[in-house]
């Protein structure tokens with residue numbers, strides 16, 4: 001069972017243009033920047049849409065509760081989510 005989606009990573013050709021688009025169209029605000037990536041904050045949550053230009057960065061990071069201990073743990077990033 002998913003407890004939380006931490007971020008969804010979207011690969012784009014031009015991070016600067018994508019940042020402007022996501023700000024103008026969806027009202028997201030940049031939370032952080034680094035070379036080739038920007039984390040766009042969504043209202044009312046700490047989840048982010050990360051816009052990046054690297055083919056090596058995975059698309060999804062998630063947090064699940066372990067059914068036996070109820071302790072949260074990070075799952076490895078994956079390019080596909082199979083439910």
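The values are calculated or read from the model by the stated rules, or taken from the named source; none is laboratory data. This is a predicted model, so every value here is computed, not measured. FYI the Cβ positions are ideal-geometry reconstructions off the backbone, even for glycines, and counts take in every protein chain you see.
Among (1) over 23 Å from residue 56 (Cα atoms); (2) outside any strand (DSSP E or B); (3) in contact with a strand residue (DSSP E or B) (Cβ under 6 Å, 6 or more places away or on another chain), there is one condition residue 19 misses while meeting the rest; what is its number?
Failed condition: (1).
Looking at 11, 61, which one is modelled with pLDDT of 85 or more and touching a strand residue (DSSP E or B) at 6+ places or on another chain (Cβ under 7 Å)?
Testing whether each residue is modelled with pLDDT of 85 or more and touching a strand residue (DSSP E or B) at 6+ places or on another chain (Cβ under 7 Å) leaves just 11.
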